[in-house]
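To keep things clear, I will list the structure first and then write my remarks on it.
The values are calculated or read from the model by the stated rules, or taken from the named source; none is laboratory data. From a predicted model like this one, the values you see are computed outputs, not experimental measurements. FYI the Cβ positions are ideal-geometry reconstructions off the backbone, even for glycines, and counts take in every protein chain you see. Heavy atoms of the whole protein, side chains included, go into the accessibility calculation; ligands, DNA and RNA do not. Shrake-Rupley method; radii C 1.70, N 1.55, O 1.52, S 1.80 Å.
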Amino acid sequence: MDFEYLKLLASKTRTCHKFEPGQVLDPQIIEDCLNLSLLAPNHRLTFPWKVLNVGIEKRGELANLAGELAKEKGQSQEGVEKAKKKALDPSGLLVFCLPRKPDNPFEEREDYATLSCSIQLLALALRCHNLAYKWSTGGLSRHSMTYKILSLNEDTEEIIGFIWIGIPESGKDLPLKPRPDLKEVLRHTP
């Protein structure tokens, strides 16, 4: 195993905000990356999450909802169209969900932790294929109409995030944002 390659891969795996429009993703690559994401640490091996690979028809419905939400916020027609385009332009959309467990907040927290690890593994795997991602938790991902569009039960399931997938605009490397020095986050005990 090559630690230097892992460091390089992790440093190149960043949130992408601009994707090349109209690209078609190889479904086998997405499935391979999702399979890798199942290797996330998972206490008691419950694998509590569900992943929806959202097709173009439902993406269109989500884009219309994004436009309606932008309009409700007082956006101009240009802003409404931009919101709709943003919901359609990345080539792929995965929606990660967890079961709601109001009677067991500790287990909900464990589930969120394992899901986060899974998404990080997915992001690293996507980057190996020169793809980028964006984990979104914006208003569209939390709107009750989104649950209806995706046939999810809002009472028993929670959308944890939209994972937008595509080719980064112009194939650019994504900038690495400053990170803390290890001394700022590491403590030693006797």
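Determine the per residue accessible area of the stretch 78-190 with all protein chains present and a 1.4 angstrom probe, expressed in square angstrom.
59 Å²
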Original post:
Rounded to the nearest 0.05, what FRET efficiency is calculated for Asn64 and Arg142 with R0 set to 22 Å and r the Cβ-Cβ distance?
Top reply: 0.85
**OP:** Please find, in a Gaussian network model of the chain (springs between Cα atoms separated by less than 10 Å), the residue of Leu176, Leu69, Leu121 whose mean-square fluctuation is greatest.
**Re:** Leu176
Original post:
Between rounded, prolate and oblate, where does the stretch 119-186 land on the alpha carbon gyration tensor, with a ≥ b ≥ c its root eigenvalues, rounded for a/c under 1.5, else prolate if a/b exceeds b/c?
Top reply: oblate
Original post:
Given a Förster distance of 35 angstrom, what is the FRET efficiency for Lys183 paired with Cys128, based on the Cβ-Cβ distance and rounded to 0.05?
Top reply: 0.70
**OP:** Please identify every one of the trypsin sites (Lys or Arg not before Pro) in the stretch 103-190 that sits in a loop by DSSP and has no more than 16 other beta carbons within 10 Å of its own beta carbon.
**Re:** Lys172, Arg187
Original post:
On full extension of the chain, what length is gained from Asn104 through Leu25, given 0.36 nm per residue of separation minus the C-alpha to C-alpha distance?
Top reply: 24.6 nm
Original post:
Counting only protein heavy atoms, what percent of the accessible surface of the stretch 1-141 is carbon or sulfur at a 1.4 Å probe?
Top reply: 56 percent
Original post:
In square nanometres, what is the average projected area of the Cα convex hull of the chain?
Top reply: 14.3 nm²
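For an R0 of 30 angstrom, estimate the FRET efficiency from the Cβ-Cβ distance between Glu4 and Ser170 and round to the nearest 0.05.
The formula returns an efficiency of 0.70 here.
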**OP:** Mind listing the long-range amide H neighbours of Arg100? Cut-off is under 5 Å, sequence gap 5 or more, other chains count too, H placed in the peptide plane at 1.01 Å from N.
**Re:** Glu157, Glu158
Subject >> Three-way shape call for the stretch 1-55 based on the alpha-carbon gyration tensor, with the a/c threshold at 1.5 >> reply: oblate
Subject >> Global geometry of the stretch 8-98, whether rounded, prolate or oblate, following the gyration tensor of its Cα atoms and the 1.5 cut on a/c >> reply: prolate
